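K.L.:
Would you mind keeping the following structure in view while I ask a few things?
Every number in this text was worked out from the coordinates using simple rules, so none of it is lab data. Please read these numbers as outputs of a predicted model, since none were measured by experiment. Note that we place each Cβ from the backbone using ideal geometry, even for glycine, and neighbour counts take in every protein chain shown.
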Amino acid sequence: MVNRPRTKITRRSFAGICVGAAAAGASALDSVSQVQGAQAVSTSTGSGAIDQNPIRRRGTGLRALDIARACPGLTLFSPLASDGIVYLISLDGRVVHTWKMPYPPGLYGYLTEKGTLFYNGKIPNDTFLGKAPFKGGAALEADWNGKVLWEVRHPNHHHDGRLLRNGNVLLLCATELPDDVAKKVQGGRPGTEEKGKIWADYLVEMTKDGRTVWEWRSWEHLDPANDTITEIQGDRSEWTHGNALMELPDGDLLVSFREISTIIKIERRTGRIVWKLGAPPLSGQHAPTPLPNGNILIFDNGPHRLDESFPFSRVIEVNPRTNDIVWKYQEGVPSNFFSPRISNAERLPNGNTLINDGWFGRFFEVTSTGDVVWEYVNPYFGPESKTAKAQNNNVFRVYRYTDKEIARSRAAI
């Protein structure tokens with residue numbers, strides 16, 4: 001990749017940035033960012049009062065843009081604390097389109113290859129899983145106008161669900177471990193089981209009319225004595241805590257398990273684990289994503305690293321043939337970038353990488369050499385409870401779409 005001369009990016013910790021020249025899909029209009037004015041500090045606690053939410057006080061919306069080096073397109077996200085709004089924003093931070101889904105995100109949505117919106121929704125129930133913040137329960141497909149085309153439900157669904165190329169739906173689910181397996185689970189704080197039980201993950205493939213056609217159970221393929229909970233302070237209510245599914249081009253599956261800091265590849269034909277990466281280097285990772293070169297892009301959260309003395313996050317590209325890290329992004333001062341949970345990263349068409357610092361609702365784009373060329377902070381916070389300090393703008397995943405992909409989505413009605 002040819003390195004261009006670096007453009008200075010203006011940042012103001014007390015204000016958002018309004019950029020007039022940038023629009024989704026626009027070509028570079030200038031070699032420098034166009035900065036036009038600033039917005040006032042957000043105050044949600046009354047006239048003249050200081051906002052007591054530290055994330056919002058630092059500034060939300062568009063924070064920085066280098067129009068010449070950012071990848072054109074629209075960015076899709078759905079705040080976890082929202083009531084089901086999915087947003088598409090342009091590079092200059094304008095809301096271009098929204099979908100209103102019937103449920104809060106459980107935990108996100110994405111555009112399919114045919115342009116429809118696939119969405120995981122949150123439907124609570126009275127079980128441990130149903131009361132958890134990462135609960136799912138429903139998966140659906142909607143058109144550009146938000147019309148629901150079909151929907152399936154499963155009481156044990158959580159975190160992730162994907163539309164498979166064969167037209168079926170793959171759901172990440174969890175249930176109580178058999179007692180003889182649970183007693184072998186190592187790690188975590190004793191006494192933190194859920195009413196004496198430990199939950200673990202299994203996969204369910206369903207047809208769009210709700211019939212189960214395939215299952216895969218983690219406890220039949222992983223070893224609870226060796227695949228241990230890596231956080232010594234972690235709860236034992238869950239053993240594996242899956243947080244991501246991905247179908248590979250050959251039909252095999254990538255699955256990420258946070259509690260055991262492990263990513264596996266499952267051979268669909270046999271159900272065997274044919275590749276595995278654990279801790280170290282991984283630590284509570286999320287969203288393994290296959291790249292065209294055969295490598296895997298991973299958001300490595302790092303809440304409790306076995307090979308470092310303090311927590312920090314990074315994005316890594318791993319060669320699965322050697323398990324070597326061939327590219328990474330982390331801050332020069334590593335602790336300046338840390339999202340203990342959720343988050344993802346995506347390799348963009350121009351070679352840049354879009355990163356979702358999900359715990360703080362911060363999305364930013366970096367070049368292959370680590371220069372930040374775009375930054376946006378989710379301005380949509382959850383409803384106030386007892387105090388504005390408790391509001392969050394968490395976002396599970398973020399994706400960038402090209403003009404061609406958006407046109408296809410508009411036509412999918």
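K.L.:
Provide the convex hull volume over Cα atoms per residue for the range 332-373, in Å³.
P.N.:
68
K.L.:
For the range 267-413, what is the relative contact order in percent, using Cα pairs closer than 8 Å and at least 6 residues apart in sequence?
P.N.:
15
K.L.:
Measuring from label point to label point, each 7 Å out along Cα→Cβ, what is the Gln186 to Ile232 span in nm?
P.N.:
Going by the 7 Å Cα→Cβ label model, 1.5 nm.
K.L.:
Mean projection of the alpha-carbon convex hull of the range 131-191 over all orientations, in nm²?
P.N.:
Over all viewing directions, the range 131-191 projects a mean Cα-hull area of 6.7 nm².
K.L.:
Here's another thing I want to ask about it. Quick one: which residues, 5 or more positions from Asn392 or on another chain, have an amide H under 5 Å from its amide H? H modelled 1.01 Å from N in the peptide plane, none for Pro or chain starts.
P.N.:
Gly382
K.L.:
Could you tell me, in Å, what Rg and Dmax come out for the Cα atoms of the range 210-314?
P.N.:
Cα only, the range 210-314: 14.1, 48 Å (Rg, Dmax).
K.L.:
Where the eigenvalues come from the Cα gyration tensor of the range 52-141, what are the semi-axes √(5λ) of the equivalent ellipsoid, largest first, in whole Å?
P.N.:
28, 19, 10
K.L.:
Something else: Rounded, prolate or oblate: pick one for the range 280-365, where a ≥ b ≥ c are the square roots of the eigenvalues of its C-alpha gyration tensor, a/c under 1.5 means rounded, and failing that, prolate if a/b is larger than b/c, else oblate.
P.N.:
Taking the square roots of the gyration eigenvalues as a ≥ b ≥ c, the range 280-365 is oblate.
K.L.:
With an 8 Å cut-off on Cα pairs and a minimum separation of 6 or more residues, tell me the relative contact order of the chain in percent.
P.N.:
That works out to 14 percent.
K.L.:
Now for a separate question. Roughly how compact is the range 262-310, stated as its Cα Rg over 2.2 N^0.38 Å to two decimals?
P.N.:
1.30
K.L.:
Still on this structure: Report the extension gain between Ala49 and Asp83 in nm, rounded to one decimal, defined as 0.36 nm multiplied by the number of residues separating them, less their alpha carbon distance.
P.N.:
9.5 nm
K.L.:
Then there's this: Once R0 is set to 60 Å, what does the formula 1/(1 + (r/R0)^6) return for the Cβ-Cβ distance between Arg94 and His221, expressed as a FRET efficiency to the nearest 0.05?
P.N.:
Efficiency, rounded to the nearest 0.05: 0.80.
K.L.:
List the lysines whose alpha-carbon lies under 26 Å from that of Lys208, not counting same-chain residues fewer than 8 positions away?
P.N.:
Straight-line reach from Lys208, under 26 Å: Lys100, Lys114, Lys122, Lys131, Lys135, Lys147, Lys265.
K.L.:
Another one. With viscosity set to 0.890 mPa s at 25 °C, what whole-number translational diffusion coefficient in µm²/s follows for the range 137-289 from Stokes-Einstein and a Kirkwood radius over Cα pairs?
P.N.:
Taking Rh from Cα pairs, D becomes 152 µm²/s.
K.L.:
How many percent of the alpha carbon pairs in the range 97-177 exceed a separation of 14 Å?
P.N.:
Summing the P(r) of the range 97-177 above 14 Å gives 57 percent of all pairs.
K.L.:
Which far-off residues, 5 or more places away or on another chain, put their amide H under 5 Å from the one on Ile198, with H placed in the peptide plane?
P.N.:
Leu177
K.L.:
Also, quick follow-up: What is the spread of the Cα atoms of the range 318-413 along each of their three principal axes, largest first, in whole Å?
P.N.:
50, 45, 26 Å, listed from the longest principal axis down.
K.L.:
Where in the range 75-107 does the amide nitrogen come within less than 11 Å of the point 7 Å from the Cα of Leu348, taken along Cα to Cβ?
P.N.:
Answer for this model: 75, 91-92.
K.L.:
Quick query: amide H of Tyr399 versus all other amide H atoms, modeled in the peptide plane; which residues come in under 5 Å with a sequence gap of 5 or more or a different chain?
P.N.:
Residues meeting the criterion, in which the H sits 1.01 Å from N, are Leu76.
K.L.:
How big is D for the range 182-237, in µm² s⁻¹ as a whole number, if Stokes-Einstein is applied with the Kirkwood radius of its Cα pairs at 25 °C and 0.890 mPa s?
P.N.:
Diffusion coefficient, whole number: 190 µm²/s.
K.L.:
Over the Cα atoms of the chain, what Rg and Dmax result, in angstrom?
P.N.:
Both quantities, over Cα of the chain: 21.1, 65 Å.
K.L.:
How many percent of all Cα-Cα pairs in the range 202-266 sit more than 18 Å apart?
P.N.:
Of the Cα pairs, 42 percent sit more than 18 Å apart.
K.L.:
Using a Förster radius of 45 Å, what is the FRET efficiency between Asp179 and Lys389 based on their Cβ-Cβ separation? Nearest 0.05, please.
P.N.:
Taking R0 as 45 Å, the efficiency between Asp179 and Lys389 is 0.60.
K.L.:
Just to confirm a number: summing +1 for Lys and Arg and -1 for Asp and Glu over residues other than Glu317 whose beta-carbon lies under 10 angstrom from that of Glu317, what do you get?
P.N.:
+1
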